[in-house]
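Presented below is the structure to which this report refers.
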Amino acid sequence: MTKKEIASKFNHTEAEEKWYKFWIENNYFKSTPDSREPYTIVIPPPNVTGVLHMGHMLNNTLQDILIRRARMKGYNACWVPGTDHASIATEAKVVNMLKEKGLSKEAIGREKFLEHAWEWTEKYGGTILEQLKKIGCSCDWDRTKFTLDESMTASVIKVFVDLFEDGLIYKDFRLVNWDPKAKTTLSDEEVIYKEQSSFLYHINYPIKDSGETITVATTRPETIFGDVAICISPNDDRYKHLVGKKAVVPICNREIPIIEDEYVDPEFGTGCLKITPAHDENDYKIGLKYNLEMLDVLNEDATLNEYGLHYKGKDRFVVRKEIAKELEENNFLAKKEKYTNKVGTSERTGEVIESRLSHQWFLKMEDLVKPAIKSVLEDKEIALIPTKFENTYRHWLDNIRDWNISRQLWWGHRIPVYYLDKNKEKYVVAETKEEALEKAQKINASLTINDLTQEEDVLDTWFSSWLWPISVFDGISNPENEEINYYYPTQDLVTGPDILFFWVARMIISGYKFRTEKPFSNVYLTGLVRDNEGKKMSKQLGNSPDVLKLIDTYGADSVRVGLMLSTNAGNDLLFDESLCQQGKNFVHKIWNSFRLIKGWEVSDKNEHPKAKQQLVNWYENKFYATLEKIEKDFENYRISDALMNAYKLIWDDFCSWFLEGIKRTGEKDSETHKQVWSFFKLNLQLLHPFMPFLTEELWQLIKDKNDDNSICISSFPKNKNFDKKEVKDFEYIKDLITKLRSIRKEKNISFTEKIDIYTGSKKPKGVANFQESFMLSASIEDIKDKEEIPEESNHSSFLVGTDEYFILTANVDAAQEREKLQEELSYLKGFLLSVEKKLSNERFVSNAPEKVVEIEKKKQQDTLEKIASIEKSLKMLS
């Protein structure tokens with residue numbers, strides 16, 4: 001292929017479709033157990049209702065980088081994809097769909113509803129997985145799992161039964177978090193507290209058989225219908241005389257006792273609390289303590305029930321406004337004041353949560369959590385990256401409560417509890433109805449299968465996903481199968497810190513409970529994707545770009561690069577579309593470097609062989625020096641730093657210095673050309689995990705018969721010894737050439753005009769190894785001693801390190817040159833002062849590592865030498 005036949009630009013749309021199909025057809029992402037060491041990642045299963053957003057893009061790009069690199073390093077790389085059935089979100093979608101058809105789930109019944117839910121899932125459920133392919137995700141798609149798959153369901157049901165039989169699952173009637181929109185309970189962790197402006201209502205309760213009143217402050221006047229007591233502090237003398245008397249609840253005129261308890265803060269509000277046990281957790285505890293009645297005044301949709309009298313059927317927030325008015329009209333409202341408080345909302349629906357009394361199923365967590373604390377915080381078997389999240393992890397697990405695992409939904413894993421009577425007092429727990437009958441007949445031999453009624457509730461979605469690293473390999477139902485023993489434990493988990501407790505901690509708990517070992521070794525916690533104003537990206541705010549449109553515009557590789565250059569583990573990233581443009585510019589740079597090399601004509605001649613070899617030797621050393629950094633970045637999960645090091649290597653060192661230097665050496669011999677292509681391939685292999693499509697396209701254009709059929713199964717570059725001095729010396733050359741170019745530009749000296757340079761040393765140390773390539777690249781005729789500068793000639797000077805250089809110029813403004821040198825001298829003296837201050841600090845010298853102190857001493861020496869050199873130059877100009 002000639003340069004003319006090569007497209008001027010990389011066609012990302014064509015390449016993405018072509019190469020993804022190629023990878024799939026050749027089974028490059030497929031994994032089966034073999035003799036190699038496995039490297040396994042399980043995808044955090046996105047909701048089956050989901051579509052690709054920036055958070056998915058970030059999370060899955062990181063996973064793809066890790067898995068592609070592992071595959072190239074020779075591991076048996078296995079990335080398991082899948083989706084979560086997302087009980088609340090999916091049920092809400094199906095309910096809305098039915099509503100549009102004039103149907104309700106209650107009217108059609110459970111069986112028909114589930115038929116609609118499966119139909120909806122099959123139609124829309126695969127969307128996000130198809131979208132992940134667009135960004136290049138190299139999952140083993142034959143392993144795709146769905147948390148409601150038959151095998152996954154069997155695992156969940158078996159775990160419930162086993163935990164029940166271990167005495168860890170129980171049923172209880174207690175106050176729970178209730179989502180009135182989804183009409184289900186939520187765990188404490190699924191409640192998000194948000195600050196809001198509301199009102200504090202001061203309500204007067206008449207004291208029975210007295211002209212007195214007692215005033216209570218509340219933010220929820222609509223719940224007075226559930227009041228069963230008024231509580232004061234035993235240390236509050238204002239109300240001592242009222243203890244034991246009765247107060248009358250306004251509007252409903254029900255008599256309630258006045259009690260005292262240490263829980264009450266005399267300084268808050270009026271110092272009196274209305275006790276409404278069915279609608280507040282703290283009130284519930286007081287209600288249990290004093291054996292008070294529990295009056296639930298709300299329906300499941302948060303409208304008032306018959307206890308609400310004439311407000312029956314009205315929404316709680318409507319009643320709040322109306323009852324405040326009624327209280328005021330009847331002189332029960334003492335005052336109403338603005339108040340800011342935190343209100344619990346549903347993580348899933350955003351609805352304000354209610355406390356509600358309900359029969360629920362719970363999992364005891366006190367003992368289960370112990371290995372999860374020990375493995376992360378004590379034994380360090382599992383690393384949280386960054387470690388700052390260990391404190392959050394500790395807080396959650398140290399304060400863990402029993403897990404409410406039941407949900408009042410139909411879409412999900414139906415709880416395998418079978419009731420033997422209509423009162424639901426007797427029940428058995430079994431994996432199937434047939435097994436349940438066997439157990440039931442041991443209690444009552446006359447029972448038939450038709451006498452058994454299965455629990456209506458389903459399990460919390462997290463109760464299936466906490467088994468994910470085990471269940472995807474069928475490790476629950478078949479604990480000794482080949483796959484679970486080969487792939488488990490997995491290596492890395494990439495996820496967000498917002499589900500550190502919901503999912504990560506629970507997977508660790510289940511790993512030790514069901515496999516007696518950790519589920520993974522490292523947890524890489526990403527930050528949130530925010531817009532350039534720092535706001536969290538969301539559809540509601542309208543600040544979240546359409547990922548697929550970004551890919552159409554810039555290409556998947558460009559978007560991946562843009563995201564990766566701006567993210568670090570645990571830190572939020574500020575996303576700006578210009579980052580994608582930066583990625584696209586990088587793609588163009590690499591593509592153009594390919595076109596440049598492809599267009600070179602190979603000659604039998606070998607001009608300037610020494611200069612070429614110097615450049616080849618340097619780039620080889622520079623490549624392996626950078627590779628060492630990149631490998632350390634990966635070891636420390638600094639993926640962004642790894643990409644930035646590769647980016648600088650290819651943009652700056654390969655394109656701007658190596659290729660430009662080779663260009664200046666004249667005709668290209670076949671050996672040099674071969675070495676250049678060799679480096680280009682190494683660059684592509686280094687970049688492939690980050691930029692899969694571009695690198696595959698170029699690999700296919702340049703590979704020979706000895707190369708792998710695809711870059712994705714070629715070998716990632718391996719660390720190799722390199723000459724540190726040579727790398728350092730060329731940095732000196734770069735600095736020297738850059739400063740020469742700057743003076744040429746400043747003095748209008750052509751970049752191609754050959755000039756002499758003068759220095760205090762005929763061959764400064766930094767130049768010695770690269771003299772021939774330097775002189776060609778910088779258009780230098782000769783390097784002379786500064787003593788050879790013609791008398792009374794005009795010249796400009798500059799420093800490279802501590803070495804002083806001069807070049808002849810037509811006219812030099814001595815005053816201007818002196819001013820420039822004085823500015824530099826002033827800066828160096830200030831810098832020297834700061835270094836000497838540090839070195840004169842005994843505390844610093846005593847406590848800092850020896851290497852750090854040595855670096856500071858070297859800075860001092862180098863600066864002194866630079867100052868002396870500038871002062872000499874100033875003398876020459878005077």
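The values are calculated or read from the model by the stated rules, or taken from the named source; none is laboratory data. Note that the structure is a prediction, hence the values are computed from the model and not measured. Every residue, glycine as well, gets a Cβ built from its backbone with ideal geometry; the counts of neighbours run over all protein chains shown. Accessible surface areas use protein heavy atoms only, side chains included; no ligands, DNA or RNA. Shrake-Rupley method; radii C 1.70, N 1.55, O 1.52, S 1.80 Å.
Can you list residue pairs whose Cβ atoms sit under 7 Å apart, with the first residue in the stretch 31-48 being charged (D, E, K, R) and the second being in a strand (DSSP E or B) and at pLDDT 95 or above? Count only pairs 6 or more apart in sequence or on different chains.
34/76; 36/76; 37/76
Which pairs turn up if I take residues in the stretch 244-259 that are more than 12 Å from residue 228 (Cα to Cα) and in contact (Cβ under 8 Å) with a residue 60 or more places away in the chain and look for partners that are in a loop (DSSP other than H, G, I, E, B) and not polar (S, T, N, Q) with beta carbon separation below 8 Å, at least 6 apart in sequence or on another chain?
The qualifying pairs are 250/332; 251/332.
Restricting to the stretch 774-793, count the residues that are crowded, with 16+ Cβ neighbours inside 10 Å, of a type in the set (S, T, N, Q) and free of Cβ contacts under 8 Å to residues at least 60 places away in the same chain.
1
With 269, 313, 308 as the choices, which residue is in a loop (DSSP other than H, G, I, E, B) and either closer than 18 Å to residue 205 by Cα or of a type in the set (S, T, N, Q) (or both)?
269
Can you list the helices (runs of 4 or more DSSP H) lying wholly within the stretch 449-534 that have 2 or more residues being at pLDDT 95 or above, within 26 Å of residue 189 (Cα to Cα) and in contact with a Leu (Cβ under 6 Å, 6 or more places away or on another chain)?
506-514
Would you mind stating whether residue 639 is out of contact with any Ser or Thr (no Cβ under 9 Å at 6 or more places or on another chain) and surrounded by 16 or more Cβ atoms within 10 Å (Cβ to Cβ)?
Spelling it out, it is not the case that residue 639 is out of contact with any Ser or Thr (no Cβ under 9 Å at 6 or more places or on another chain) and surrounded by 16 or more Cβ atoms within 10 Å (Cβ to Cβ).
Which ranges mark the helices (runs of 4 or more DSSP H) fully within the stretch 87-162 that have 3 or more residues being more than 24 Å from the chain's Cα centre (by Cα) and touching a residue at least 12 places away in the same chain (Cβ under 8 Å)?
Once the helices (runs of 4 or more DSSP H) in the stretch 87-162 are filtered for at least 3 residues that are more than 24 Å from the chain's Cα centre (by Cα) and touching a residue at least 12 places away in the same chain (Cβ under 8 Å), what remains is 87-100, 105-124.
So residue 121 ticks every box in (1) farther than 16 Å from residue 89 by Cβ; (2) buried (at least 19 other Cβ atoms within 10 Å of the Cβ) but one. Which box is left unticked?
The failed condition is (1).
Every residue, every condition in (1) touching a Lys or Arg at 6+ places or on another chain (Cβ under 8 Å); (2) within 26 Å of residue 156 (Cβ to Cβ); (3) in a loop (DSSP other than H, G, I, E, B); (4) open to solvent by 30 Å² or more (accessible area, probe 1.4 Å), yes or no:
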site	(1), (2), (3), (4)
361	yes, yes, no, no
368	yes, yes, yes, no
375	yes, yes, no, no
387	no, no, yes, yes
395	no, no, no, yes
412	no, yes, yes, no
440	no, yes, no, no
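For the stretch 16-29, indicate whether the set of residues that are surrounded by 13 or more Cβ atoms within 10 Å (Cβ to Cβ), in contact with a strand residue (DSSP E or B) (Cβ under 9 Å, 6 or more places away or on another chain) and touching a residue at least 60 places away in the same chain (Cβ under 8 Å) is non-empty.
Looking for residues that are surrounded by 13 or more Cβ atoms within 10 Å (Cβ to Cβ), in contact with a strand residue (DSSP E or B) (Cβ under 9 Å, 6 or more places away or on another chain) and touching a residue at least 60 places away in the same chain (Cβ under 8 Å), one finds at least one in the stretch 16-29, hence yes.
What single numbered condition from (1) under 30 Å from residue 634 (Cβ atoms); (2) open to solvent by 10 Å² or more (accessible area, probe 1.4 Å); (3) of a type in the set (D, E, K, R) fails to hold for residue 68?
(2)
So which pairs qualify, if the first residue must be in the stretch 618-637 and under 29 Å from residue 525 (Cα atoms), the second must be open to solvent by 10 Å² or more (accessible area, probe 1.4 Å) and among the small types (Gly, Ala, Ser), the Cβ gap must be under 8 Å, and the two must be at least 6 apart or on different chains?
Listed by first residue and then by second, the contacts come to 637/569.
Provide a single number: the residues in the stretch 794-815 that are open to solvent by 50 Å² or more (accessible area, probe 1.4 Å) and either acidic (Asp, Glu) or modelled with pLDDT of 75 or more (or both).
Of the stretch 794-815, the ones open to solvent by 50 Å² or more (accessible area, probe 1.4 Å) are 794, 808, 810-811, 813, 815.
Going one step further and asking which of them are either acidic (Asp, Glu) or modelled with pLDDT of 75 or more (or both), we end up with 794, 808, 813, 815.
Summing the residues that are open to solvent by 50 Å² or more (accessible area, probe 1.4 Å) and either acidic (Asp, Glu) or modelled with pLDDT of 75 or more (or both) in the stretch 794-815 gives 4.
May I ask you to list the residues in the stretch 535-553 that are open to solvent by 30 Å² or more (accessible area, probe 1.4 Å), part of a helix (DSSP H, G or I) and not basic (Lys, Arg)?
Answer for the stretch 535-553, where residues must be open to solvent by 30 Å² or more (accessible area, probe 1.4 Å), part of a helix (DSSP H, G or I) and not basic (Lys, Arg): 548, 552, 553.
Just name the residue that is surrounded by the fewest Cβ atoms within 10 Å (Cβ to Cβ) out of those in the stretch 510-524 that are farther than 27 Å from residue 638 by Cα and of a type in the set (S, T, N, Q).
516
Please determine, by comparing only the residues of the stretch 356-397 that are touching a residue at least 40 places away in the same chain (Cβ under 8 Å) and of a type in the set (Ser, Thr, Tyr), which one is nearest to residue 415 (Cα to Cα).
Across the stretch 356-397, the extreme among qualifying residues is 358.
Restrict the check to the stretch 38-57 and report whether at least one residue is among the small types (Gly, Ala, Ser) and farther than 25 Å from residue 544 by Cβ. Before the answer, list the steps.
The first filter runs over the stretch 38-57 and keeps only residues among the small types (Gly, Ala, Ser), leaving 50, 55.
Still in the running and farther than 25 Å from residue 544 by Cβ: none.
Checking the stretch 38-57: not a single residue is among the small types (Gly, Ala, Ser) and farther than 25 Å from residue 544 by Cβ.
Taking the condition out of contact with any Gly (no Cβ under 9 Å at 6 or more places or on another chain), within 30 Å of residue 432 (Cβ to Cβ) and not acidic (Asp, Glu), does residue 184 pass?
When the stated conditions are applied, residue 184 passes them.
Take the residues in the stretch 163-215 that are at pLDDT below 95 and part of a helix (DSSP H, G or I), then tell me which one is surrounded by the most Cβ atoms within 10 Å (Cβ to Cβ).
190
In the list 657, 651, which residue meets the criterion of being in a helix (DSSP H, G or I), closer than 28 Å to residue 547 by Cα, touching a residue at least 40 places away in the same chain (Cβ under 8 Å) and open to solvent by 10 Å² or more (accessible area, probe 1.4 Å)? Lay out the reasoning, then the answer.
Working: 657 fails: closer than 28 Å to residue 547 by Cα.
Of the residues listed, the single one that is in a helix (DSSP H, G or I), closer than 28 Å to residue 547 by Cα, touching a residue at least 40 places away in the same chain (Cβ under 8 Å) and open to solvent by 10 Å² or more (accessible area, probe 1.4 Å) is 651.
Residues of the stretch 778-806 being outside any loop (DSSP other than H, G, I, E, B) and closer than 24 Å to residue 823 by Cα, which ones?
Step one: filter the stretch 778-806 for residues outside any loop (DSSP other than H, G, I, E, B), giving 780-788, 795-800, 803-806.
Listed by number, the residues that qualify are 786, 795, 796, 797, 798, 799, 800, 803, 804, 805, 806.
Which of the residues spanning the stretch 554-569 are in a loop (DSSP other than H, G, I, E, B) and either at pLDDT below 90 or of a type in the set (A, V, I, L, M) (or both)?
Within the stretch 554-569, 565, 566, 567, 569 qualify.
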